[in-house]
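Visitor: I have a structure I would like to understand better, so I am pasting it below and will then ask my questions one at a time.
The values are calculated or read from the model by the stated rules, or taken from the named source; none is laboratory data. Computed from a predicted structure; not experimentally measured. Quick reminder, even Gly has a Cβ in these numbers, built from the backbone with ideal geometry, and neighbours come from all protein chains shown. Ligands, DNA and RNA are stripped out before the accessible areas are found, and what is left, the full protein with its side chains, is counted by its heavy atoms. Shrake-Rupley method; radii C 1.70, N 1.55, O 1.52, S 1.80 Å.
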Amino acid sequence: MDKQHFKAQVNIGGVLVNTSLEIVFFRESPYYIAYCPALDISAAGKTQKQVKEEFAQVFAEYAEDCIKRNTLREDLQAHGWVLQEGAYTAPTMTQMLIGNDTLRDIIDNKDYRKQMVVLPQVQHTMAMA
């Protein structure tokens with residue numbers, strides 16, 4: 001499993017929003033899995049490149065859905081994000097391990113190594129709710 005950062009720029013109602021998320025990647029043959037514990041979203045692909053592209057799309061759809069339903073703030077807070085100085089900060093991996101059975105299973109039962117990578121930028125236009 002690789003622990004990597006996802007960096008994306010999303011166009012939300014004409015405003016570009018930059019984001020950086022910690023993602024864990026692991027293999028469940030024949031697929032590669034990308035899992036973001038800070039948002040509890042994941043994607044799968046048959047290649048490492050494909051799973052990164054799929055995750056970028058899943059992230060864009062997640063953000064778009066939350067914005068359309070006007071639930072982004074509540075969803076982030078439900079996942080342990082904290083609003084500080086006008087910006088949301090994701091919980092640390094240690095904090096997420098406490099209440100996230102999926103993440104604990106990945107950490108405890110998957111072979112992993114750390115590696116930094118920049119995933120494809122998301123260029124997805126979203127309408128403000």
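Visitor: Scan segment 43-65 residue by residue and report those that are over 15 Å from THR19 (Cα atoms) and over 11 Å from the mean Cα position of the chain (by Cα).
Guide: Listed by number, the residues that qualify are ALA44, GLY45, LYS46, THR47, GLN48, LYS49, GLN50, VAL51, GLU53, GLU54, ASP65.
Visitor: Continuing with the same structure: Please specify each residue of segment 46-79 satisfying the condition of being in contact with a helix residue (DSSP H, G or I) (Cβ under 6 Å, 6 or more places away or on another chain) and not charged (D, E, K, R).
Guide: CYS66, LEU72
Visitor: Still on this structure, please answer the following. Inside segment 90-111, can you point out the residues that are of a type outside the set (A, V, I, L, M, F, W, C) and over 12 Å from GLY80 (Cβ atoms)? Break it down stepwise before answering.
Guide: Just the residues of segment 90-111 that are of a type outside the set (A, V, I, L, M, F, W, C), to begin with: 91-92, 94-95, 99-102, 104-105, 108-111.
Scanning segment 90-111 gives ASP101, THR102, ARG104, ASP105, ASP108, ASN109, LYS110, ASP111.
Visitor: Follow-up. Counting just the residues of segment 3-27 that are open to solvent by 60 Å² or more (accessible area, probe 1.4 Å) and under 24 Å from ARG104 (Cβ atoms), which one comes out modelled with the highest pLDDT?
Guide: ARG27
Visitor: Okay, next question. ARG73 fails exactly one of the following numbered conditions: (1) closer than 22 Å to PRO91 by Cα; (2) open to solvent by 60 Å² or more (accessible area, probe 1.4 Å); (3) at pLDDT 90 or above. What is the number of that condition?
Guide: (3)
Visitor: Something else about it: Mind counting the residues in segment 36-57 that are part of a loop (DSSP other than H, G, I, E, B) and either surrounded by fewer than 16 Cβ atoms within 10 Å (Cβ to Cβ) or among the acidic types (Asp, Glu) (or both)?
Guide: 3
Visitor: Which of the residues that make up segment 76-103 are in contact with a Phe, Trp or Tyr (Cβ under 6 Å, 6 or more places away or on another chain), among the aliphatic types (A, V, I, L, M) and modelled with pLDDT of 85 or more?
Guide: LEU76
Visitor: Could you list all residues from segment 28-77 that are under 21 Å from LYS110 (Cβ atoms) and hydrophobic (A, V, I, L, M, F, W, C)?
Guide: Those that are under 21 Å from LYS110 (Cβ atoms) and hydrophobic (A, V, I, L, M, F, W, C): ILE33, ALA34, CYS36, ALA38, LEU39, ILE41, ALA43, ALA44, VAL51, PHE55, VAL58.
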